[in-house]
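The values are calculated or read from the model by the stated rules, or taken from the named source; none is laboratory data. Computed from a predicted model, the values in this text were never measured in an experiment. Neighbour counts run over all protein chains shown; Cβ positions are idealised from the backbone, glycine included.
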Amino acid sequence: MMADPGLAALLDPKSIAVVGASDDPTKIGGRLLRFLADYGFTGEVLPVNPTRDTVAGLPALRSAEHLPDGVDLAVVVTAAGAAREAVQACARRGVRACVVLSSGFGELDAEGERAQRELVATARAHGMRLLGPNCQGVANLASGAVTSFSSTFTNFGLRDGPVAIVSQSGAVAGMLAALQHQHATGLRYWVATGNEADVTVAELVDAVLDDPGVRVVQAYCEHLADVPRLVAAAAKARRLGKAVLMVKAGATEAGARAAGSHTGALAQPEAVVEAFLRRHGVVRARSLTELSGLSRVFETCAPARGNRVGIVSNSGGLGVMMADAALAEGLELAELTGGTREALRAVLPPFAAVGNPVDVTGQIVQQPHLLTRVLPALAADPWVDIVLVALGIVGPTYDIDAITDDIAALHAEAAARGVLVAAVSVGGRPELAERLAARGVPTFDDDSACVRAVARFAEHSAWLRRTPPPAAPAVAAPLPPGTGLLSEHASKELMVSWGLPVVSGRLVASPAAAAAVDLPYPLVVKLCSPAAAHKTELGAVRLGLTDARAVARAAAEVLAAGRTAGVEPIEGVRVERMVRGGVEVSVGATWDPVFGPTVLVGSGGVHVEVLRDFRLLIPPLDRAAVVDAVRSCAIHPLLTGARGAEPLDVDALVDLVLRFGERFAATGGALSEIDLNPVFVLSDGVVVADALVRVADPAREEP
């Protein structure tokens, strides 16, 4: 049961008014009436036309002002100017939800944006939900309530099924429906949100998940609006055992500009979007066809117990390519047990390969039920979590019925043990793929697409196995006074108060005081000022100082360098122990105005920016996510003892990131940025060697 009655009326209306209805099926107002009839909508249909008494054989109303009280859904198909009056009339008549197909609003110019805000204000004043404007509408294939003008409803006889499509683009929604039509399963909801003046993709994803008949939501977004609702929807999907799959466009600067001109969307930082979706278990696809392929697996399969793959093929070459693709996508090739190999040798011809991949050869033509004996043996291997059946050029000489029965039987039986079964048929008779899909087996005609989909499914299954982190940090984080950049010393003192391992150091005012600092040599001397974030460029850092005289001289030099550069104010110099050995990494955080706290871990020094070797995480953090993030960085082999080097204390680095992320999230946005770079990972711990903290200025923060 949907909590919002307006969204319930939008998605499952019992009465529908078409404002701008027409007898002409080539016009939008006529197409809507035709779709409602063709798809079998049995509720009340109320055409509104100012010049007709009947439209499409139905009694017509001259104005939306004449609508009966409490109509569930009104669809406005008039020009933008008339649409405003129609929305006002619908709101006054107590319509629960309104779809504005008309364009010429916020996507156009400032005047259009003003008119769009007026539409929303009118709707909200009367408790009416509004979809659009500049959208292609909504459809419910279970009830036949198709209130869209998309040609996809003409091109295909779409049928009800376990998938919902929610898209900011109507054309993309149509393409996804066309791709879904190729699946044996069908489609329950189809929504194109357009400008999202009121109802958002996030709200709709959350709402359609309440339908017991929906297992998968396919979403297309150019801008993520209503982030808290999307977080709630993702949590609901996890709780209900469902999946949210998404294409998020606008990843590049050019793509973001195109998205802005398309729906008025704003650019969002790609790395943060990626981290946000990963953190909340929203599975991201890079294309519409990949999204459709992912859906084939997520619609029909229970979570996989692991990522170890066993491959069966009638072509040695195809099997090898599948193995290569699996490794490239982060899957593992299962090492079959001796018992499994013996079982395979007993049923396969002597020239067949019984390793992994398993090559049943062309003998399957002579022995149609060869898979009956091979597949169960492979799926029963304790090291196999996923079985990929790769068949090439299955022609008229093959017993397709027998092959279909064997693969479908294994798919049904193995699912109970958490073993995923998927199939790919390359260059063969299409009826094989059709029959397998009809039996619930995720089936592909592209070997790479099959592996990619299975790999993303395995990753999501692993994410589901994790214990969710706490909903919010349970600690308080000390905060500094003031705003803007802190000096390195103040930044480090703050990090010490957070319980982070910071290199020992002292702030002193003079060269003589610097020489008297009691720390073990060698030492480092740095200028300390909130106006000197890049001290190296000012020549205000001295390293490797081995006696008091060198320390005093260095302090005098860095103070002079600061004064010459006009640095103001100067707090003094920081004298600290020089860290030696280990590997430099960076740990940082920013407060995003949309997504909130984001934490970075990656290569240290300039490499994090030059090589883009980093991973972003969204708090609250869990240990497994931080471990995965560290492992994903190119620097990871240096931390684990590459080329015979001593392994470093990666556990200490993970502990640091967890504590740092917890403290930063607890600031609630009071700090806008922290950069700990470098952090030295040593054989017996970690130490923060440099720190930069920026305190947020509330007066400058965007609302």
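Going by what's in this entry, would Gly81 be described as in contact (Cβ under 8 Å) with a residue 40 or more places away in the chain and either in a strand (DSSP E or B) or exposed (fewer than 15 other Cβ atoms within 10 Å of the Cβ) (or both)?
Numbers: in contact (Cβ under 8 Å) with a residue 40 or more places away in the chain: no; either in a strand (DSSP E or B) or exposed (fewer than 15 other Cβ atoms within 10 Å of the Cβ) (or both): yes.
Criteria not met by Gly81.
All but one of (1) touching a strand residue (DSSP E or B) at 6+ places or on another chain (Cβ under 6 Å); (2) modelled with pLDDT of 95 or more; (3) more than 27 Å from Gln268 (Cβ to Cβ) hold for Gly605; which doesn't?
Tallying (1) touching a strand residue (DSSP E or B) at 6+ places or on another chain (Cβ under 6 Å); (2) modelled with pLDDT of 95 or more; (3) more than 27 Å from Gln268 (Cβ to Cβ), Gly605 fails exactly one: (2).
Within the range 272-313, how many residues are surrounded by fewer than 19 Cβ atoms within 10 Å (Cβ to Cβ), part of a loop (DSSP other than H, G, I, E, B) and in contact (Cβ under 8 Å) with a residue 60 or more places away in the chain?
4
Being outside any helix (DSSP H, G or I) and charged (D, E, K, R) is the filter; apply it to the range 318-332 and report the residue that is surrounded by the fewest Cβ atoms within 10 Å (Cβ to Cβ).
Narrowing the range 318-332 to residues outside any helix (DSSP H, G or I): 329-332.
Then drop every residue that is not charged (D, E, K, R), which leaves 329, 332.
Working: Glu329: 18, Glu332: 15.
For the range 318-332, the residue satisfying everything is Glu332.
Within the range 542-557, identify whether any single residue is assigned to a helix (DSSP H, G or I) and in contact with a Lys or Arg (Cβ under 6 Å, 6 or more places away or on another chain), and answer yes or no. I'd like the intermediate steps shown before the answer.
Initially, the range 542-557 is screened for residues assigned to a helix (DSSP H, G or I), giving 548-557.
Next, from what is left, pick out any that are in contact with a Lys or Arg (Cβ under 6 Å, 6 or more places away or on another chain): 554.
Yes, because at least one residue in the range 542-557 is assigned to a helix (DSSP H, G or I) and in contact with a Lys or Arg (Cβ under 6 Å, 6 or more places away or on another chain).
Condition check: under 29 Å from Glu222 (Cα atoms) and modelled with pLDDT under 95. Does Val282 satisfy that?
Working: under 29 Å from Glu222 (Cα atoms): yes; modelled with pLDDT under 95: no.
Against the criterion (under 29 Å from Glu222 (Cα atoms) and modelled with pLDDT under 95), Val282 does not qualify.
If we only count strands (runs of 3 or more DSSP E) wholly inside the range 605-703, which ones have 2 or more residues that are more than 23 Å from the chain's Cα centre (by Cα) and hydrophobic (A, V, I, L, M, F, W, C)?
On the way: elements: 614-617, 671-682, 685-688, 692-695.
Per the criteria, 671-682, 685-688, 692-695.
Taking the stated definitions as given, is Thr152 of a type outside the set (Gly, Ala, Ser) and in contact with a Gly (Cβ under 6 Å, 6 or more places away or on another chain)?
Working: of a type outside the set (Gly, Ala, Ser): yes; in contact with a Gly (Cβ under 6 Å, 6 or more places away or on another chain): yes.
Yes: the conditions hold for Thr152.
Restricting to the range 228-255, name every residue that is in contact with a helix residue (DSSP H, G or I) (Cβ under 7 Å, 6 or more places away or on another chain) and not charged (D, E, K, R). Step through it out loud before you land on a result.
Keep residues of the range 228-255 that are in contact with a helix residue (DSSP H, G or I) (Cβ under 7 Å, 6 or more places away or on another chain), which gives 229-230, 232-233, 236, 238, 243-251.
Matches in the range 228-255: Leu230, Ala232, Ala233, Ala243, Val244, Leu245, Met246, Val247, Ala249, Gly250, Ala251.
If Ser497 meets every condition in (1) touching a strand residue (DSSP E or B) at 6+ places or on another chain (Cβ under 9 Å); (2) of a type in the set (Ser, Thr, Tyr); (3) surrounded by fewer than 21 Cβ atoms within 10 Å (Cβ to Cβ) apart from one, which number is that one?
If we test Ser497 against (1) touching a strand residue (DSSP E or B) at 6+ places or on another chain (Cβ under 9 Å); (2) of a type in the set (Ser, Thr, Tyr); (3) surrounded by fewer than 21 Cβ atoms within 10 Å (Cβ to Cβ), just (1) comes out false.
Anything in the range 118-144 that is farther than 26 Å from Pro162 by Cβ, among the β-branched types (Val, Ile, Thr) and touching a helix residue (DSSP H, G or I) at 6+ places or on another chain (Cβ under 7 Å)? List them, or say none. Steps first, please.
First pass over the range 118-144, keeping only residues farther than 26 Å from Pro162 by Cβ: 118-128, 130, 132-134.
Still in the list and also among the β-branched types (Val, Ile, Thr): 120, 122.
Selection gives Thr122 alone.
Does Ala17 satisfy the criteria of being within 24 Å of Ala207 (Cα to Cα), in contact with a His (Cβ under 7 Å, 6 or more places away or on another chain) and either part of a helix (DSSP H, G or I) or among the small types (Gly, Ala, Ser) (or both)?
Numbers: within 24 Å of Ala207 (Cα to Cα): yes; in contact with a His (Cβ under 7 Å, 6 or more places away or on another chain): no; either part of a helix (DSSP H, G or I) or among the small types (Gly, Ala, Ser) (or both): yes.
No; evaluated as a whole, the condition is false for this residue.
Matching residues to (1) more than 26 Å from His489 (Cα to Cα); (2) surrounded by 20 or more Cβ atoms within 10 Å (Cβ to Cβ):
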residue	(1), (2)
Asp613	yes, no
Leu617	yes, yes
Leu638	yes, no
Leu648	yes, yes
Ile674	no, yes
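For the range 234-250: of the residues being among the small types (Gly, Ala, Ser) and closer than 15 Å to Pro468 by Cβ, which is surrounded by the fewest Cβ atoms within 10 Å (Cβ to Cβ)? Explain how you work it out, then say what you get.
Our first condition is that a residue be among the small types (Gly, Ala, Ser); within the range 234-250, this holds for 234-235, 237, 241, 243, 249-250.
From what's left, closer than 15 Å to Pro468 by Cβ: 234-235, 237, 241.
Details: Ala234: 23, Ala235: 15, Ala237: 22, Gly241: 10.
Looking at residues that are among the small types (Gly, Ala, Ser) and closer than 15 Å to Pro468 by Cβ, I get Gly241.
Assess whether Val524 counts as being in contact with a helix residue (DSSP H, G or I) (Cβ under 8 Å, 6 or more places away or on another chain) and more than 21 Å from Val654 (Cα to Cα).
Values: in contact with a helix residue (DSSP H, G or I) (Cβ under 8 Å, 6 or more places away or on another chain): no; more than 21 Å from Val654 (Cα to Cα): yes.
So Val524 fails the test.
Of all residues in the range 558-604, how many are assigned to a strand (DSSP E or B) and either closer than 27 Å to Ala642 by Cα or in contact with a helix residue (DSSP H, G or I) (Cβ under 7 Å, 6 or more places away or on another chain) (or both)?
Going residue by residue through the range 558-604, those that are assigned to a strand (DSSP E or B) are 572-577, 583-592, 596-603.
Right, trim to either closer than 27 Å to Ala642 by Cα or in contact with a helix residue (DSSP H, G or I) (Cβ under 7 Å, 6 or more places away or on another chain) (or both) and you get 573-575, 583-589, 592, 597-603.
So the count comes out to 18.
Would you tally the residues in the range 564-577 being of a type outside the set (Gly, Ala, Ser), crowded, with 17+ Cβ neighbours inside 10 Å and more than 13 Å from Ala531 (Cβ to Cβ)? Give the steps one after another, and end with the answer.
So in the range 564-577, the residues of a type outside the set (Gly, Ala, Ser) come out as 564, 567-571, 573-577.
This time we only want the ones that are crowded, with 17+ Cβ neighbours inside 10 Å, so: 567, 570-571, 573-577.
With the extra rule that they be more than 13 Å from Ala531 (Cβ to Cβ), the set shrinks to 573-577.
Qualifying residue count for the region: 5.
Within the group Leu294, Leu371, Leu378, which residue is more than 21 Å from Leu464 (Cα to Cα), at pLDDT 90 or above and aliphatic (A, V, I, L, M)?
Values: Leu294 fails: more than 21 Å from Leu464 (Cα to Cα); Leu371 fails: at pLDDT 90 or above.
So the residue among Leu294, Leu371, Leu378 that is more than 21 Å from Leu464 (Cα to Cα), at pLDDT 90 or above and aliphatic (A, V, I, L, M) is Leu378.
Here are some residues: Val579, Val525, Val551. Which one is within 30 Å of Pro619 (Cα to Cα), of a type outside the set (Gly, Ala, Ser) and in contact (Cβ under 8 Å) with a residue 24 or more places away in the chain? I'd like the intermediate steps shown before the answer.
Details: Val525 fails: within 30 Å of Pro619 (Cα to Cα); Val551 fails: within 30 Å of Pro619 (Cα to Cα).
The unique qualifying residue is Val579.
Out of the residues in the range 33-59 that are of a type in the set (Ser, Thr, Tyr) and either under 24 Å from Thr152 (Cβ atoms) or in contact with a His (Cβ under 6 Å, 6 or more places away or on another chain) (or both), state the one that is surrounded by the fewest Cβ atoms within 10 Å (Cβ to Cβ).
Taking the range 33-59 and keeping what is of a type in the set (Ser, Thr, Tyr), we get 39, 42, 51, 54.
In the following step, the residues that additionally are either under 24 Å from Thr152 (Cβ atoms) or in contact with a His (Cβ under 6 Å, 6 or more places away or on another chain) (or both) were identified as 39, 42.
On the way: Tyr39: 19, Thr42: 10.
Among those that are of a type in the set (Ser, Thr, Tyr) and either under 24 Å from Thr152 (Cβ atoms) or in contact with a His (Cβ under 6 Å, 6 or more places away or on another chain) (or both), it is Thr42.
Within the range 66-122, count every residue that is of a type in the set (Val, Ile, Thr), within 16 Å of Ala17 (Cβ to Cβ) and within 34 Å of the chain's Cα centre (by Cα). Break it down stepwise before answering.
Of the residues in the range 66-122, the ones of a type in the set (Val, Ile, Thr) are 71, 75-78, 87, 95, 99-100, 120, 122.
From what's left, within 16 Å of Ala17 (Cβ to Cβ): 71, 75-78, 87, 95, 99-100.
Now restrict to residues that are within 34 Å of the chain's Cα centre (by Cα): 75-77, 99-100.
Result for the range 66-122: 5.
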